[in-house]
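Participant: Sharing a structure here in structure tokens format.
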Amino acid sequence: MSQTKPLSAGNQHSDKQSLWILAILSALMAFASISTDLYLPAMPAMAQSLHASAAQLELTISGYLVGFSLGQLLWGPIGDRYGRRLPIALGLLLFIAGSIGCALSTAAPVMIICRALQAIGACASVVLARAMIRDLYEGHRAAQMLSTLMTVMAIAPLLGPTVGGALLKFGSWHLIFWTLAAFGIATLAALYSLPETLPIERRNYEPLGGHGGVTSS
């Protein structure tokens, strides 16, 4: 991705800029929920189309949870070393690839693998969106922004099945995963409008795995 001058926590953001940042970070935080909740109404149709049992379809959820858990171990240290934008972009590319793979799947095992790939990619957005808030804001403002992002995470699971059911009225279950891929592409494009938030001097260059968290402000 192109290099952009990093923003520090001490920068003053206009209300308009803060709202735009919040909108993009909210979209990043929503990936965790919409990736699963959006396709839940389609599971009976998917089982029939993929000639899979209910137990096999449930593994698409388990595969996602395993991938997301592994991603949390991966993206924090990477984000501390290479900044926030590049890892998020890589995660979004994995998410897009996983979503397209799901849409094109013709068998349950392929779907399970693509769901795990989708989860690893989605996790980068969730983990590093919170880190970007800590990079950009301090004190009460940081708590306020994080609270808003947590609200988005709480609302997304409620809207997901409703939106997924609406999509099924216009097409097959494949449309849901194409929609997720399109959402990933749109978010990736919007990411270019955000500057890098972790300056080089604050990055952690210890060997990956040598520390467990995401660098805070």
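The values are calculated or read from the model by the stated rules, or taken from the named source; none is laboratory data. Just so it is clear, the model here is predicted, and its values are computed rather than measured. Neighbour counts run over all protein chains shown; Cβ positions are idealised from the backbone, glycine included.
Participant: Going through 133, 112 one at a time, which residue ends up being surrounded by 16 or more Cβ atoms within 10 Å (Cβ to Cβ), of a type in the set (A, V, I, L, M, F, W, C) and under 25 Å from residue 44 (Cβ atoms)?
Facilitator: Numbers: 133 fails: under 25 Å from residue 44 (Cβ atoms).
112 is the lone residue from the list that is surrounded by 16 or more Cβ atoms within 10 Å (Cβ to Cβ), of a type in the set (A, V, I, L, M, F, W, C) and under 25 Å from residue 44 (Cβ atoms).
Participant: For region 113-132, state whether one or more residues are among the charged types (D, E, K, R) and at pLDDT below 90.
Facilitator: Step one: filter region 113-132 for residues among the charged types (D, E, K, R), giving 115, 130.
Keeping just the survivors that are at pLDDT below 90 gives 130.
Yes, region 113-132 contains at least one residue that is among the charged types (D, E, K, R) and at pLDDT below 90.
Participant: May I pose another question? Just one of the numbered conditions (1) over 24 Å from residue 153 (Cβ atoms); (2) modelled with pLDDT of 95 or more; (3) not basic (Lys, Arg) is not true of residue 99; which one?
Facilitator: (1)
Participant: Starting from residues that are touching a residue at least 24 places away in the same chain (Cβ under 8 Å) and assigned to a helix (DSSP H, G or I), keep the ones in region 136-149 and report whichever is surrounded by the fewest Cβ atoms within 10 Å (Cβ to Cβ). Give the steps one after another, and end with the answer.
Facilitator: Here is the first cut: in region 136-149, the ones touching a residue at least 24 places away in the same chain (Cβ under 8 Å) are 136-138, 142, 145, 148-149.
Okay, now just the ones that are also assigned to a helix (DSSP H, G or I), so 136, 142, 145, 148-149.
Working: 136: 26, 142: 17, 145: 21, 148: 14, 149: 20.
So the residue we want is 148.
Participant: State all residues of region 38-51 that are crowded, with 19+ Cβ neighbours inside 10 Å and either within 20 Å of residue 183 (Cβ to Cβ) or modelled with pLDDT under 90 (or both); if no residue qualifies, say none.
Facilitator: Here is the first cut: in region 38-51, the ones crowded, with 19+ Cβ neighbours inside 10 Å are 38-39, 41-42, 46, 50.
Matches in region 38-51: 38, 39, 41, 42, 46.
Participant: While we're here: So, in region 171-197, how many residues would count as being buried (at least 20 other Cβ atoms within 10 Å of the Cβ) and more than 16 Å from residue 92 (Cβ to Cβ)?
Facilitator: Within region 171-197, residues that are buried (at least 20 other Cβ atoms within 10 Å of the Cβ) and more than 16 Å from residue 92 (Cβ to Cβ) number 3.
Participant: Still on this structure: Before we move on, is residue 84 surrounded by fewer than 22 Cβ atoms within 10 Å (Cβ to Cβ) and not polar (S, T, N, Q)?
Facilitator: Details: surrounded by fewer than 22 Cβ atoms within 10 Å (Cβ to Cβ): no; not polar (S, T, N, Q): yes.
Answer is no for this residue.
Participant: Next question. Taking the stated definitions as given, is residue 152 assigned to a helix (DSSP H, G or I), in contact with a helix residue (DSSP H, G or I) (Cβ under 6 Å, 6 or more places away or on another chain) and not acidic (Asp, Glu)? Let's see the steps before the verdict.
Facilitator: Values: assigned to a helix (DSSP H, G or I): yes; in contact with a helix residue (DSSP H, G or I) (Cβ under 6 Å, 6 or more places away or on another chain): yes; not acidic (Asp, Glu): yes.
So residue 152 passes the test.
Participant: Mind checking whether some residue in region 88-102 is without any contact (Cβ under 8 Å) to a residue 24 or more places away in the chain, out of contact with any strand residue (DSSP E or B) (no Cβ under 9 Å at 6 or more places or on another chain) and surrounded by 24 or more Cβ atoms within 10 Å (Cβ to Cβ)? Spell out how you get there, then give the answer.
Facilitator: Going through region 88-102, the residues without any contact (Cβ under 8 Å) to a residue 24 or more places away in the chain turn out to be 98, 101.
Imposing the further condition that a residue be out of contact with any strand residue (DSSP E or B) (no Cβ under 9 Å at 6 or more places or on another chain) reduces the set to 98, 101.
Imposing the further condition that a residue be surrounded by 24 or more Cβ atoms within 10 Å (Cβ to Cβ) reduces the set to 98.
Yes; the residues of region 88-102 include at least one that is without any contact (Cβ under 8 Å) to a residue 24 or more places away in the chain, out of contact with any strand residue (DSSP E or B) (no Cβ under 9 Å at 6 or more places or on another chain) and surrounded by 24 or more Cβ atoms within 10 Å (Cβ to Cβ).
Participant: Still on this structure: Kindly indicate whether residue 63 is crowded, with 24+ Cβ neighbours inside 10 Å and assigned to a helix (DSSP H, G or I).
Facilitator: Values: crowded, with 24+ Cβ neighbours inside 10 Å: no; assigned to a helix (DSSP H, G or I): yes.
So residue 63 does not fit the description; no.
Participant: Test each condition in (1) closer than 15 Å to residue 38 by Cβ; (2) among the basic types (Lys, Arg); (3) in contact (Cβ under 8 Å) with a residue 12 or more places away in the chain; (4) out of contact with any Gly (no Cβ under 9 Å at 6 or more places or on another chain) for residue 115 and report the one that comes out false.
Facilitator: (4)
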